[in-house]
Amino acid sequence: MSTGYIAFVQPFQRASFVELLALFVLLSLALGITKAVYNAFFHPLAPVPGPKLYAISPFPISLSRLQGRVPYKFAELHEKYGHIVRVGPDEVSCAGPTSFKDLYGPRYGKGGPLTRDSRAATVKEKFGAVGMFQAGVQEHAQIRRQLNPAFSEKASREQEPLVMGYINAMVQKLRDASAEGDPVDIEKYTMWTTFDIQGDLVFGENVFKCIEQERYHPWLKICMAYFTSGIYTHALNDISPWALWIWQKFFIPKSFADAQDYHLKTTLDLVDKRMATKETGHPDYMSFVISESKAGEVLTKEQMYANAQMLVTAGSETVATAAATTLFLLLIHPEAMDRAKREVRSTFTSEQDITAASVTTLSYLVAAIDESMRIWAPVATSFHPRQVSSGGCIVDGYFIPEGSMIGIHNHAIGRLERYFKDAEKFVPERWLGDERYANDSREVFQPFSSGPLNCLGLTMGRMETRVILAKLIYNFDIELLPESRNWLDNQKNYIAWHKPPLMVKLTPVH
Ligand code: HEM
């Protein structure tokens, strides 16, 4: 053993436990302070505006994530610091017009689009393949190409009767539920309907039967719990991958672990069953993927496992949020509701007139939906921020180094007075050419995002939201009950909004 080594080790051997502990604490402190100073002043992201506390540590933004308050926090930070803000040592938030192009665009000649943060994803271990939310550039483009036929105009036309069937069933259930004048939680009905629709489009049959049985299917409850656990995963991973490991190893309750096993098994069974039935004559996603794909371009079973849950949740909870929130905003603005009601009831003389095509002519209702999504974006945050790839990138004039996380936050964008006059007010007229709002920055309104990773189900999402609202307004006079007057206040967000019951009284008309 060298004398140098012995000289180094000897003082430690003589030290007491308390002295060693004190040394450990002092070293950790020194390391922490050095890191904090580096993060605040010498890190490549140091020039990006933002609070210093957020620049030195991931704790503040992780805390907002864990509290379900991150959309509000981003809005507050953008209000104060402008359209680009550093929200963590390695994370930046954007809410500006150019960032959509710089950040979410195709980035030709620069290695392709930035893909989503998948550092803590466990999809591959579970399913044997990654889904669209975790895929890298090439794989994402491949999956998207394979799924595209299921989301074409032609597919939407053929899927329309299936969608209408579930929405009509919802109307009928609401008629029954409100026959005695009882209050109804309409939020649940919109969730059940949209989950049933997506369940059928993904698995080829009415797998969930939520509307029929007026209850959530357990598979869906677990999907929603995944959203919340996704936020925990993200927040803890930002603090330290060790914190995440400890959480996953020791703190995930057994009941949740069992639920995950059930969910995994059910997903595999449902996909296997659907894939075994090749030609169903049913206009679900798989039938288009199979019939219109080029040779050698069909999704593998593993890819279908990995994408099934994403397709169900991406296409249902979002639509339910858009529909329920628009309804709520109309209900607390009686003049707007009157105008929507006049439009719907003067356009249609029978229930059958309400179709995917005819609802596009409801200009006021369409404007009300856009206005609702501006104020309350169904996808409020960039739930998986983009990972900056090799070479870094320039966003809104700032250099963002490789390895950083960066996202665009719709809740913040919609709230900023610098983009929208009377940003906090619900004014559908702003989308109908009202002169007072001529200077609004419409280009920043992107509730379905933009670029090669934008919403694949945009057409379906718009159609469903419009039809659900048109049918509700056509069939019922709707009254908001006092307990739901403050329905939007303090909703928590764990990727999805946690919506409380939206209690209404329905009086059937026609
Ligand atoms: C009001 C309804 C909806 C809204 C506001 C919405 C919004 C969004 C947003 C903001 C994204 C993220 C894009 C990004 O990261 O840049 C997204 C992705 C996605 N959405 Fe939607 N969505 C809606 C309905 C639907 C529907 C009905 C489907 C049908 C299944 C769907 C399928 C998807 C898929 C597959 C992706 C991932 C796309 C990709 O990675 O290429 N969405 N959506």
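The values are calculated or read from the model by the stated rules, or taken from the named source; none is laboratory data. Just so it is clear, the model here is predicted, and its values are computed rather than measured. When we count neighbours, we look across all protein chains shown, and the Cβ atoms used for this are built from the backbone with ideal geometry, even at glycine. In case anyone asks, the SASA skips ligands and DNA or RNA and just uses the protein heavy atoms, side chains included. Shrake-Rupley method; radii C 1.70, N 1.55, O 1.52, S 1.80 Å.
For region 320-351, which positions are among the aromatic types (Phe, Trp, Tyr) and assigned to a helix (DSSP H, G or I)?
Phe328
Please list, ordered by first then second residue, the pairs with beta carbon atoms under 7 Å, 6 or more apart or interchain, first in region 252-280 and touching a residue at least 24 places away in the same chain (Cβ under 8 Å) and farther than 15 Å from His217 by Cα, second charged (D, E, K, R) and open to solvent by 30 Å² or more (accessible area, probe 1.4 Å).
Partner pairs satisfying both residue conditions: Val271/Lys301; Met275/Lys301.
Where residues in region 438-492 are among the hydroxyl-bearing types (Ser, Thr, Tyr) and not in a helix (DSSP H, G or I), which of them is farthest from the ligand (Cβ to nearest atom)?
Per the criteria, the residue is Ser441.
Does Glu139 fit the bill of being acidic (Asp, Glu) and either over 30 Å from Ala470 (Cβ atoms) or in contact with a Leu (Cβ under 9 Å, 6 or more places away or on another chain) (or both)?
yes
Answer yes or no: is there a residue in region 127-135 that is out of contact with any Lys or Arg (no Cβ under 8 Å at 6 or more places or on another chain), open to solvent by less than 60 Å² (accessible area, probe 1.4 Å) and free of Cβ contacts under 8 Å to residues at least 60 places away in the same chain.
Looking for residues that are out of contact with any Lys or Arg (no Cβ under 8 Å at 6 or more places or on another chain), open to solvent by less than 60 Å² (accessible area, probe 1.4 Å) and free of Cβ contacts under 8 Å to residues at least 60 places away in the same chain, one finds at least one in region 127-135, hence yes.
Of the conditions (1) open to solvent by 30 Å² or more (accessible area, probe 1.4 Å); (2) within 30 Å of Tyr474 (Cβ to Cβ); (3) of a type outside the set (Asp, Glu); (4) within 16 Å of the ligand (Cβ to nearest atom), Ala169 clears all except one; give me its number.
Status for Ala169: all satisfied but (4).
Mind checking which pairs have a first residue in region 168-188 that is farther than 17 Å from Leu330 by Cβ and a second that is open to solvent by less than 20 Å² (accessible area, probe 1.4 Å) and in a strand (DSSP E or B), Cβ under 6 Å, 6 or more apart or different chains?
Ala177/Val184; Ser178/Val184; Ser178/Leu506
Starting from region 1-26, keep only residues that are in contact (Cβ under 8 Å) with a residue 12 or more places away in the chain, then list their pairs with residues that are β-branched (Val, Ile, Thr) and part of a loop (DSSP other than H, G, I, E, B) whose Cβ atoms are within a distance under 9 Å, requiring at least 6 positions of separation or different chains.
Here the result reads none, with nothing in region 1-26 linked to a residue that is β-branched (Val, Ile, Thr) and part of a loop (DSSP other than H, G, I, E, B).
Considering only residues that are open to solvent by 10 Å² or more (accessible area, probe 1.4 Å) and not in a loop (DSSP other than H, G, I, E, B), which ones fall in region 201-230?
Across region 201-230, the qualifying residues are Glu212, Gln213, Pro218, Lys221, Ile222, Met224, Ala225, Tyr226, Phe227, Thr228, Ser229, Gly230.
All but one of (1) more than 11 Å from the ligand (Cβ to nearest atom); (2) touching a helix residue (DSSP H, G or I) at 6+ places or on another chain (Cβ under 7 Å) hold for His333; state the number of the condition that does not hold.
All conditions pass for His333, except number (2).
Among Tyr108, Tyr81, which is the only one that is at pLDDT below 90, over 26 Å from Lys209 (Cα atoms) and more than 16 Å from the ligand (Cβ to nearest atom)?
Being at pLDDT below 90, over 26 Å from Lys209 (Cα atoms) and more than 16 Å from the ligand (Cβ to nearest atom) holds for just one of Tyr108, Tyr81, which is Tyr108.
Can you pull out every residue in region 348-404 that is among the polar types (S, T, N, Q) and more than 13 Å from the ligand (Cβ to nearest atom)?
Those that are among the polar types (S, T, N, Q) and more than 13 Å from the ligand (Cβ to nearest atom): Thr349, Ser350, Gln352, Thr355, Ser358, Thr360, Thr361, Ser363, Ser389, Ser390, Ser404.
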